[in-house]
Amino acid sequence: MVLGVCSGATAAPAAWLTQRLVDELSAGGAPPGQVALLAGGAALLAGAGRAALHLTGIADAKVEARVRVDTARTLASACGRPVGTGFLDDPAEQDRMLMAARGAHEAPVMLADSVTTAVAAITGIAAFVFVLARSWPWMLAALLATAVPVALVQRRLSRQMVRTTERAVASYRWSDYYAALFTAPAPAREMRLYGTQRLLADRMSAHLATALHAEARQRQRNAAGQIGFTLANATVAAVGSVTVALAVVRGDVTVGGLVLFAAAVTAVQGNLASLIVTAGQLVVNLRVFGRFLEFVSTAERSAPGGADRLGPLRDAVELRDVWFRYGPDRPWVLRGVTLRLAAGQTHALVGVNGAGKSTLVSLLLRFYEPSRGRILWDGVDIATVAPERLRERMAGVLQDHVAYELTALENVTLGDVRRLGDRTAAADAAERARVLPTVERLPAGWDTMLSTRRAGDDGADGVTLSGGQWQRLALARAMMRADADLLVLDEPNAGLDPLAEHRLHTDLMRFGVGRTRLLISHRLGALRSADHIVVLDAGSVCESGTHAELMAAGGLYRDLFTVQAEPYQPVRR
């Protein structure tokens, strides 16, 4: 801001020195030293103004860098504040996040530049206003009268620009989604298989065109307003210049006065135009930045509270009449689920696709909150416990576990950030998950980058793993929390061959001794030794018991198990 003041304040003194120089030269007989002083002073002041303007760029860059880093981190923290992840499924929330991201990433860059530009413009106007007010007040009035309606129009156009930007967010969201498909390996392979590149590219282009054309139309309206302002300014300047030039002919004004008048009019008009445009940009950027502040504020208000301590699981985790659906107008996924997961036992959830198994796990981990009912941890409602304290007591492999494009060491030790980078702990966890030999065979061992799209710190090419190896690595990540009270494994044997599946089941039984385990799998043979099997059907508990009890009951479990076992029975001839 100081540099902006310096940039704007040098123009008026430089113009005054130029007036004196012209008048001295016109009068004749001026001492060479005085002429040189006036000419050099005017040039130096003009140069100082330009230098200050360039220096503002350096200051702006520093401010922008600091603010962008801060806002990016704040935005990421805000996205992680809500207790669950349900807001990520809401298109309206996705649009709010995109607007917040735009405010976080773009607005700080524009705001710093806009502020310094506005300060320089205001300073420049103030300096020449004094010149015009003293000698040509009628011209000052004409300039201000021209600027006022333009400023009002610009204000309206700026508000329209904000609304246009907000309406374009959904189109940008779809465009970004389709664009990401072309740069991700799995979608790119499937597009080639089915020949959908052109179709998806057309959809991407259509959404992008919708957003860009709307913004282009708004910019055209802005340009039309600027053209009108420019023409009005030109008319006012022409009338004023003719008036003062005629005064020079009459001898009422010196030639230097005409030079000063022209410089003052040009400076005031230019700075007024700059100020009006900058003010319009500030309105847009501040409103967009406001969306970022609103999102952060909302996230802070929704930040989880509750007890900051939770004791080890001694008795049981209980679900009491739990109902859940993903929205008030959506069908029920869970319907009055009541069950008890006794501490220290192995429990299994069984059911056809869509029965609600993974949803139940999401409620246990508080990714979502029950629509009705309660979930208790040794009698304590988990809704009253700070979610990070609850999750510290748990570990698991989720159905949609992440394959991080990071090193093997980071992929495992992210399971316990307190021991991030601990090779000994990572090796222990990997050995329990039977993935240690795989890691040791990697080109750089634990330091190997597990992505062919990323290079390691040493510049070496990355590698990728098979589906089963990634599954084992995710299990190792879960086993970093060796002290977890509840181990949740949602389809842990997906992608494993039969031998690896048998070993995994044996390992889990050994690893989970003394701890509560909740297993979900469609391969019922891996669950038959569980202490307690719960069968879900259409979101409700239809059966529970041991494998022998459920087989004897002759219900859904027996049907599912029999269908799976039939291909392995000897063929009767």
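None of the figures in this text is laboratory data; all of them are computed from the coordinates on show. In this text the structure is predicted, and so the values were computed from the model without any measurement. A quick note on method: Cβ atoms are made from the backbone with ideal geometry, for glycine too, and the neighbour counts reach across all protein chains shown.
The value for segment 2-301 of Rg(Cα) / (2.2 N^0.38 Å) is 1.36. Fewest-first ordering of Glu388, Glu64 by other beta carbons within 10 Å of each residue's beta carbon gives Glu388, Glu64.
Within the chain, antiparallel bridges make up roughly 55 percent of the DSSP beta bridges whose residues both belong there.
Relative contact order of segment 2-301: 34 percent, from C-alpha pairs under 8 Å at least 6 residues apart in sequence. Taking the average, over residues, of other Cβ atoms within 10 Å as the packing measure, peptides 227-239, 531-543 rank 531-543, 227-239 from highest down. The calculated FRET efficiency for Leu414 paired with Asp378, based on their beta-carbon distance and R0 = 30 Å, is about 0.60.
In plain terms, the chain from Tyr194 to Tyr177 could stretch by 4.3 nm, reckoned as 0.36 nm per residue minus the Cα-Cα distance.
Cβ crowding within 10 Å ranks Lys62, Lys357 as Lys62, Lys357, fewest other Cβ atoms first.
For the chain, the Cβ-based charge dipole about the Cα centre amounts to some 860 debye (Lys, Arg positive; Asp, Glu negative; other atoms uncharged). The calculated FRET efficiency for Ala245 paired with Arg203, based on their beta-carbon distance and R0 = 35 Å, is about 0.05. Peptides 343-354, 179-190, 10-21 ranked from most to least packed by the mean count of surrounding Cβ atoms within 10 Å: 10-21, 343-354, 179-190.
The radius of gyration of the Cα set in the chain, together with its Dmax, comes out at 35.5, 129 angstrom. Please work out the Cα center distance from segment 47-110 to segment 327-343, rounded to the nearest Å. One Cα centre to the other: 40 Å. For Glu106 and Ala234, the FRET efficiency from 1/(1 + (r/R0)^6), where r spans their Cβ atoms and R0 equals 35 Å, is about 0.60.
Note on the chain: dipole from Cβ charges, positive end direction compared against Gly525, Ala216, Thr85; the farthest Cα belongs to Ala216. The translational diffusion coefficient of segment 1-45, from Stokes-Einstein at 4 °C and 1.567 mPa s with a Kirkwood hydrodynamic radius over alpha carbon pairs, comes to 116 µm²/s.
The Cβ shell under 13 Å around Leu560 holds other residues with a net charge of 0, Lys and Arg each +1, Asp and Glu each -1.
Binning the C-alpha pair distances of segment 399-483 at 10 Å intervals from 0 yields a P(r) profile of 20, 57, 22, 1 %, listed from the shortest bin outward.
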